[in-house]
Structure formats: C-alpha cells, structure tokens
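The values are calculated or read from the model by the stated rules, or taken from the named source; none is laboratory data. Keep in mind the model is a prediction, meaning the values are calculated, not measured. Backbone-built Cβ (ideal geometry, glycine too); neighbour counts: all protein chains shown. For the accessible areas, the whole protein counts, side chains as well, though only heavy atoms, and no ligand, DNA or RNA atoms are used. Shrake-Rupley method; radii C 1.70, N 1.55, O 1.52, S 1.80 Å.
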Amino acid sequence: MGAVLLTGQRMILESESYIDAMHGILFPMGWIACSKSMLAGMSAAAFRFTVNRRLTPESVTAYNWMAEHFLAADFLGVTASQNAGFYFQPTFPLYQRQAVAAIKDSLDRGTGAVIWKDKFVIAAGYDDEREVLYISDGTAEDYEALPYGDFGCNRSPYWYVQTFETRIESDEMEIYLESLLQAIYKWESHDLMLPEKEYACGRSAYGAIIHALRGGHYDPAGLREIIRCYGAAKRDSHAYIAALERWMPQIREAANAYARLDSIFQQLAMINAGMMPVRRLNASEAKDMIDLFDDALMVEETAIRSLKGLMRETVDNRFNDIALR
C-alpha cells in the first residue's frame, strides 16, 4: 500500500488541448524549459485544424491520439508509452488494471501521466488505501479523486493513458525546422483515421466551417468550442513563429501572416462571447463569421505558402510524404 502526490505537476488551461497536460508534466521536471506556445509549435500541435462537418464539440479532439502524441514526445527527444481503447470492450477491465498500474509506476518515478477524462488531464498522484488517483484538470486548485474502478469510464467511450520515460538532448534548430514541415503537412493533408465525409482537416476545415454556417447545419456548442480551442492554437502558432523569427529572419512573411490569423480568431472570439447562453447565430452574425473565416483561410494559406517556399528542398526530398522524417 502506498501513496504519492506530485504537487508540482498540475494543469493550467491555456492552450486548451493536450499541450496543457504535456507541459504540466514535462516543465516541472526540467525536461523542457519552454513556454506552452513553444511546446505547441515544436510538437506541431498548434498547426492541427480538424472539424466535424456539422461542427460538433468533439472536433477539437478528433485526431489520431496515439500517432500524434507519440510524435509530440518524439520530436522533443522524449520516450513515451501509451495505450487507449473503448470502455465498452469486454477486455476493458484488464486494460483498466494495467493502465492504473502503469500510472502508479510512473508516479513512483516522479512523473505524472496524461489520461483522458472527457478531456486530457494529469494524473498527479495516487493513494492505495483509498484506491484513488489524484487528477489535475485545470479547473480547480484541489486535486480530484478518481477511484481506480472509474478510470476510463467517461461520458465519451474512450480511455487513454500516456506516460513519459526518458529524455535525450536534441538539436533545437532541427526541431524547429521539422515543425515547419509538419505545419505544411497538416495544412495539406487529411487525417487518414477520419472519414472525409464527416471530417475536414487543414485547409479543407475552413471550407467545411463556411459551408456549415451558410447552410445553417451546425452545432452551436460545437462552433463555440471550435473557436475557443482553435483560437488558442492560432495564438500559440503566432507566438511560436514570432519566436522563431529571431533565429530565422526569412520567416518574417509567415510570422506576419500568423499575427493576422491570431487577430482574426480574436475577432471570432468576440462574436463567440456574445453567444451566451449558447445559441444559433443570427443572419448578421453568421455573415460576419463567414467573412472572418474566409479571411483566415486566405491568411493561413499565405503563411503556409511562405513556409513551403522556404522549405522547398526538404519538401521535395520527401516526395509525396512531407510528414516522413
């Protein structure tokens, strides 16, 4: 019987994504010394843009968690283990016990774990006597107690756990250059895990949003979540590219474009703020949003075109798979 609580590893909601949890674990350990916007950029998470074509709330977490979170750690030189599945599968009780044991082992090593509890949160402690995990989700100062037997039993049907193991020193400039290639890839490519009839990614996501708003076929709560979470991502991408400009003056055009993109999403957020309680847009609000999303599409296209021009040789060397490292 044992108990551990890593009080330094806690969630602070800023990037509104997995990055909040990842940073909340790695930064206190000294494995990274960067801001969340830098982590979001280096891991390429800031450049993901995926929506359900009906603009449902799960749009912001509709991606291949296993692949992207593995790469997010790998880009930084961090080794990680993870597992995931559906709680309705008959083997779930076995996986549940294995996941709780993996979390406890990680905590015993002084490292928190990322888990899914209808959003990504940090498992920062455990108590065998009470048979609970202690969770930090960024919404309260106190830790929430999660019984071992409730791990993975979420409103959504998924369970997930990721633990971090070791870190090797990496060339930061190589990380930066790779992140720019990943930004291009995410803009131009569809996530193969998602059916294109239901989801749109990168450049196509803007078209899907505009189409849904014009036709009125959208989820108001989902639209609100998309603007909130992707607004944070665009803010992170702006801060990241602006920081890289200090070492790479040639990305100034892209930096200026990301600054404009951040500003556009701030304007969208202002319209969003007027939609409380959550409701459908009126005709004037819908037109304003459509115009802003259309502007955002053109601005982000400019940013990516500029990055692609700068990275042309490497892009060409990777042939048809820009994401290939």
Would you work out which of 227, 210, 115 lies farthest towards the positive end of the dipole of region 100-244? Charges go on Cβ: Lys and Arg +1, Asp and Glu -1. 210
Given N residues in region 46-181, what is Rg(Cα) / (2.2 N^0.38 Å)? 1.14
Can you give me the Rg/Rh ratio for region 100-161, using Cα atoms for both radii and the Kirkwood formula for Rh? 0.93
Taking the simple approach of a point 7 Å from Cα along Cα-to-Cβ for both residue 118 and residue 167, what is their distance in nm? 3.2 nm
When only the heavy atoms of the protein chains count and the probe is 1.4 Å, how do 278, 100 rank by accessible area, highest first? 278, 100
Between residue 64 and residue 312, what FRET efficiency comes out of the Förster formula 1/(1 + (r/R0)^6) with R0 = 25 Å and r the beta carbon distance, rounded to 0.05? 0.35
Rank these residues by their accessible area, most exposed first, probe 1.4 Å: 211, 238, 23. 211, 238, 23
Cα-based shape type of region 1-58, given that a ≥ b ≥ c are square roots of the gyration tensor eigenvalues and the cut on a/c is 1.5: oblate
Any idea of residue 279's accessible area? Nearest 10 Å², probe 1.4 Å. 80 Å²
So, in nm, how far is label residue 305 from label residue 156 when the simple model puts each one 7 Å beyond its Cα toward the Cβ? 3.5 nm
When the solvent-accessible surface of protein heavy atoms is calculated with a 1.4 angstrom probe, in what order do 27, 88, 49 fall, highest first? 88, 27, 49
Looking only at Cα atoms, what is the convex hull volume of region 175-226 per residue, in Å³? 99 Å³
To the nearest 10 Å², what's residue 86's accessible area with a 1.4 Å probe? 80 Å²
Given the pairs 36/197; 36/119; 36/234; 186/234, which are separated by over 21 angstrom at their Cα positions? 36/197
Highest mean packing first, using Cβ neighbours within 10 angstrom, the peptides 119-130, 186-197, 28-39 sort as 119-130, 28-39, 186-197
Multiply the residue gap between residue 283 and residue 98 by 0.36 nm, knock off their C-alpha separation, and tell me the result in nm, one decimal place. 61.4 nm
Equivalent ellipsoid dimensions for the chain as semi-axes, Å, which come from the Cα gyration tensor, largest first: 33, 25, 18
